[in-house]
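Step one of this worksheet: look at the structure below.
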C-alpha cells in the first residue's frame, strides 16, 4: 500500500507513505468505479449480442479495455482526467456535429430525406387506389397455424353476395363452413384460427404487406377489419431505372444527381432521395444573392451584438459583484438572491415576456415611460432593445462568476495595495482586475462565441425585424444564425444540407475569431509560474 | 460622507440594478395573479388577485411531475457535469501534454454548432439506443442526462480551468514533493480551494439544464416524462393566449428550485474559503 | 509493486463479476419486459398538448376494447418537423394528429400513407373537409374538425354586423378599431380574407381545381392593387390594421373591451365567453365593391404514419374509430371547433349556435393550400403585410415579396 495505489508515477512513491487509511479509500473507490464500468459494459453487451450488432460490440469491448488499461497503468495521467468527459463529448457532441457537417455535401432536406428505396416504396404506396367500381370487404385476419407465427389469411366477405373467401398470396378461394356476424365479418371458419385485434396487431407488418392477387389488382387490408381491392398506379421498373404509370405508361427516370425521378417534360416526382451533391451547397452560399448580398452588413451587426451583449453583461455583472463584495453591505444575501432571479426564470419564457413589453401600443415599457416608440419598427431601437434584453438575461451569469472570482482573490492582496497608499480604483486596476482577467478571459471568449450564435435572443423577440420593405429575407436585427435558419427552413421546406453548409461558414468565422483571441490568453495562464 | 463613499454607492448600484431586474418579474407575477391570465396587460399592478392559476396548475396539468423530473434531471446532470468538468479542468490547467491548447479550443468550438441542426443526429443516435437499451432511450431521464453530459466538457471546463490557473503552482508542487499522488493533490488540495467556483459552476449547470427546452422537447414526449420548460411551453403553444396566467405561475414556480440551490451554494460562493489557504 | 498491481486487478475483477452478477439479475427482467411479446401490439399517437389530453380517454378505451396498448404523446413545438424527422429515423408515432396543410410536405417525405375510406364513410364527412385532405387524388388522413376565421363582435359596442370593412371602420368607436392580428412580422393567415376581397390570390388553380404552384399570385398586378387597398386600412390610413395587435394580445384586447371587432376563429370563443362578453359571429367583411372575403379553411386531421411500427392497427384506429361521432363530439368538447363528421356536427349544433355561424362565415372559404410550395409564402407575405401596414410603398414591397417567394419555389 503506497501512494502509487492511485496510479501516480512510481518515482513519487519513495518518501514517507501518507496515512494508509486514505489510500484504502482511494483504492476501494477506484476498484468500485472500474468494476462499475465493466458491469455497465456487460449490461450494454447483452442487447448488442442479441441483435447481432458485432461492430457495436467490438467498439464497446475496445473502449472498455482501453479504459481499464488507462486506469490501471501509472502512465497517461492527463488522459485519466480527460477520458470521462471526452467519451461523452465524442458520443453526444462530436458525432452530431460531424454528422451534420457531412450533410452539407448532400441535398438532405424535405423531399430528400431517405434512401432511393424508401422513395420508391413511398411512390408506390401513394399510388395505390381502390379499383374503380369495386367495393370494400369486411375482413377478418386468420391463420391456418399458430396465432403468433402461422401463415396469415384474410377472410373477406363480399358486401353484395355475402360470399366468404380466404385470401393469401396465392389468391382467393371460396369458403363455405363459416360463421358471419351482423356486420358481415367472419367470427369462425373451419380449418382457420381467427386472430383477435390484439393478436393481429402484433403481426401488423405482415398484415400490411399481404396483398391477395385478384384479376383487377390485389386485395389489401385497410386496418384490421376491412379490406379493399386496390391497384398501384405507379410501379418502379428496374430495367429502365424508372417509375412507370401503369395506366398511361408515362415514365419518370431516376436522376442520381438530384435524387429524384424526372419525367420527359422535366416534371419531378415529389418523393426524392438523399444524394451526394459535392460542394454545390457551398458554392450556392457564395453565389446566392440572398446570402451574399446582405452578408457583410449582417456580419458587422452580428459582431456588434455579440460584443455588446458580452461586454455589457460583463461590466454590469462585475460592477454589481464589486459593489456587493464588502462585508459592510447589509442585506447582501437578499440582494444576491433577487439579483440572480432573472437567470433563474426560464429564458424562453422571459424572452416572450420582453417581446410583449416592447409592444408599441400595449407594451409595459412605453406605458411606464409614457413614450410612443415603435421599438421593433426602427433599426436602431430594435437593436438597442435586443441588447437590453440580453443584458437583463445575461448579467446574473457574469455577476455570479465575478463574485466567485473575487472570493478566490486573496483579500490580503487588495488590502496590501490599500496600505501601500494606492487609491481604491488604482488598487482595483493594478491588482484585482488583472487577477480577475486570468479567470474570466476564457469565459469572455466563450460568452462571445455563445452570443455570436444566440439564436433564441433574436428568434423569440424580433424574429429579425425590422425588415426593409424591399427585402423580406434579411432584417436589421438578424444574426447570421437566424438568417441561416430563415433561408434554409423558410421556403420550400427544410434544407438541412444547405443550412449545414452555411453553418460551416459561420463556424469558421467564430473559430478564427476565437482562436485569435485565445492565442492572446497564453500569457495569462502562466501568471503564477 | 465616508459611509456614502464606502458603502452607500454599493447600495445605489444594487438598488438600480434590482429595479431593472425586477420589473419583468413583477410583471410576470401580476399576470400570474390575474384570473383572466393574459400577457397583454400593460399594468404592473395585477387587475385581480387570486391564486387560481397556481391551483389550476397543479389540478389540471402534470405540473408536479414536470417539477420532479426537472429537479432530478438538473440535480444529477449538474453534479455529474461539475465533477467531469473539474477533472478535465485540472488536466488542462496543471498538466502539460500535446494537444492541450487545441483540445481546450475544440471543446469550446464544438458547442458553437447550431443545435437545431443537431436534432437530426440526436434522433439518429437515440433511435438506435432506444431499440437496444430502452432504459436510456427516448422518454427516460437517464437518457436525457447522458445527452446533457455530452456538453460537460465545455464552457464550464473553461471557467474552472481559469480558476485552477489562479491557484499558485507551489501548492501542488510542494504536496507532490511530500509524496502525494496526482489524485491526492487533485482531491485533497485543489478541489477544496476551488470550492467557490465549483459552486458557481454547479449553479450555472443547474440553471442551464432546468431551463433547457430545445432538446428536451423532442426527447421527452410521454406526458409522465416531461420537464418544466416542455410542459410549460405546451400550455401556451397552439392555445393562443388562454393559458398565460398559468404559464406565468409556472414560470415563477420554476425559479424556486434555482433560488433554493443558490441559497444552498451561496455559503461556498461567498464565504471565501480560499482566503486563508493561499497564504502559504 | 507487482504484487500490488496483481491484488488491484484481482479486486477489480472480483468486484466486476459481483456487480455484473447483480446488474445482470437486475437488468435482465427489465430488458425482457420491454422485449417480451405482450398480449397485444402498441399504438403510439402524437398530437399537440391540448388534443392529446382530449384523446387520452378514447385512446384508452380503444386499447381496452381491442386488447392493445395505446400511448398518446404530446409534442409541444414544431410538430410537423419533429414528426418527419422522428419518422425518418424510426422513432416516430403510428398516428399523427395535425393540420391538413401539412399533407404536401408529409407526402414528399413519404411520411404518411393514404387511407381507403368506403363510400358510406366518405359521404358522412363535410365535403369541404374531405376535399381539404385530398391531395393528388388520394385521401391522406381522416378529418375531424374544421376551422376558419370569422368576425366576432361585441354586441354591446356594435349591435349590427357590418357588411363591408368600410362600414366596420365607420362603426368602430373603441380605442382600437379592429382586433385583427398583424404583429411585427405580419400574419398571412389572418390577412387573407381582406387580401382576397381586394382581388389578390396566392396560387392559381389548375383545370382540376388543385392549386397550381407555377401560377404565383404574389407580385402580380392584382396583388399590388390588393395591397394598395390594404394600405388604406394601415397605420398611415384609417388605423384599422396595426402592427401592435399581435397574436398574443388580439383576443385579450377584444375581451378587455378595447375593441369592438375581432377577426379570429373558434378557438377564441372560450376566452370571449370567460370574459362575459355579449358577442355575435358573422362573416369577415370585404371591401366595398370588392370580391367576397374568403377565409382559409383549415381541417384538423388524423394521419397514418407510413413508417409506423403498427400500421395495420393505425389504419384500424384512424378509419374505423376516428370516424365515429362519439369521438368527434368529445374532441369538440375539448375545443369548440365544428366537427367534420356531419352526424357529429348535427349533434352539437343545437346546443352551440356559434358553430353554424362559423360554418356560414366559411361559406366562401378556400382550403388552405396543402402544396409544399405554400411553406415559401408565409414568411415573406407576412412581412410584406407588416411593412405595408406600417406605411411602406405597396408596389415595391409586394414585388420584392413575390421575388423572394418565386426564387424559393423555383
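None of the figures in this text is laboratory data; all of them are computed from the coordinates on show. Quick caveat: nothing in here was measured; it's all calculated off a predicted structure. Don't worry about glycine lacking a Cβ; one is built from the backbone with ideal geometry, like all the others, and counts go over all protein chains shown.
Overview of values
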read-out: Helical mean residue ellipticity (222 nm; -39500 (n - 2.57) per DSSP H run of 4+; nearest 500) of chain C; value: -13500 deg cm²/dmol
read-out: Pair residue A:25, residue C:273: separation of 7 Å Cα→Cβ label points (nm); value: 6.5
read-out: Three-way shape label, the stretch A:289-525, alpha-carbon gyration tensor, a/c 1.5; value: oblate
read-out: Highest average packing first - B:192-199, C:346-353, C:201-208, Cβ atoms within 10 Å; value: B:192-199, C:201-208, C:346-353
read-out: Taking the C-alpha atoms of the stretch A:460-503, convex hull volume expressed per residue in Å³; value: 72
read-out: Modelled FRET efficiency - R0 30 Å, residue A:170 with residue A:115, Cβ distances, 0.05 increments; value: 0.45
read-out: Gain in span if fully extended, residue A:61 to residue A:509, counting 0.36 nm per residue against the direct Cα distance; value: 157.4 nm
read-out: Chain A: calculated mean residue ellipticity at 222 nm from DSSP helix runs of at least 4, using -39500 (n - 2.57); value: -16500 deg cm²/dmol
read-out: Computed Kirkwood radius, in angstrom, where 1/r is averaged over Cα pairs of the stretch A:70-211; value: 20.4
read-out: Label-point separation, residue C:288 to residue C:407 (7 Å along Cα→Cβ), nm; value: 4.1
read-out: Protection proxy ranking of B:75-82, C:219-226, A:164-171 - average other beta-carbon atoms within 10 Å, highest first; value: B:75-82, C:219-226, A:164-171
read-out: Pairwise centroid distance, computed over Cα atoms, of the stretch A:161-177 with the stretch C:190-239, Å; value: 57
read-out: Cα long-axis angle, helix C:49-66 against chain C (0 to 90 degrees, to the nearest 10); value: 50
read-out: Rounded to 10°, Cα long-axis angle of helix C:394-409 versus longest principal axis of chain C; value: 30
read-out: Estimated 222 nm signal from helices in chain B, with DSSP H stretches of n ≥ 4 weighted -39500 (n - 2.57), rounded to 500; value: -21500 deg cm²/dmol
read-out: Average beta carbon contacts from partner chains per residue of B:208-218, 10 Å cutoff; value: 4
read-out: Value of Rg to Rh for the stretch C:164-269 (Rh from inverse mean 1/r over Cα pairs, i.e. Kirkwood); value: 1.02
read-out: Cβ-Cβ FRET estimate between residue B:22 and residue C:124, R0 fixed at 60 Å, reported to 0.05; value: 0.55
read-out: Of every Cα-Cα pair in the protein assembly as shown, the percent that sits beyond 52 Å; value: 30
read-out: Pair residue A:297, residue A:430: separation of 7 Å Cα→Cβ label points (nm); value: 5.0
read-out: Partner chain coverage, peptide A:46-59 - average Cβ within 10 angstrom; value: 2
read-out: Alpha-carbon centroids, the stretch B:137-156 and the stretch C:363-403: separation in whole Å; value: 41
read-out: With eigenvalues of the C-alpha gyration tensor scaled by 5 and rooted, chain A, Å; value: 62, 38, 25
read-out: Part-to-part distance (alpha-carbon centres) for the stretch B:90-113 and the stretch A:42-84, which is given in Å; value: 23
read-out: Sequence of A:242, B:248 once ranked by neighbouring C-beta atoms within 10 Å, starting from the fewest; value: A:242, B:248
read-out: Cα-based helix-to-principal-axis angle, C:325-334 vs chain C, degrees rounded to 10; value: 80
read-out: Residue exposure sequence - A:354, A:43 - by fewest surrounding Cβ within 10 Å; value: A:43, A:354
read-out: Sequence ranges B:102-114, B:252-264, A:385-397, ranked by mean other-Cβ count within 10 angstrom, highest first; value: A:385-397, B:102-114, B:252-264
read-out: Efficiency of FRET from Cβ geometry, residue B:12 and residue A:75, R₀ 56 Å, rounded to 0.05; value: 0.45
read-out: For residues of A:496-502, the mean tally of beta carbons on other chains within 10 Å; value: 2
read-out: Gyration tensor (alpha-carbon) shape descriptor, chain C, a/c threshold 1.5; value: prolate
read-out: The stretch A:129-233 shape via C-alpha gyration tensor axes, a/c threshold 1.5; value: oblate
read-out: Proxy reagent accessibility, fewest Cβ within 10 Å first, across C:278, C:383, C:357, C:131; value: C:278, C:131, C:357, C:383
read-out: Theoretical gain in end-to-end length, residue A:384 to residue A:144 [0.36 nm per residue, Cα-Cα removed]; value: 78.9 nm
read-out: Spread of Cα-to-Cα distances over 10 Å intervals beginning at zero, given as percent, for the stretch A:236-287; value: 24, 43, 22, 10, 1
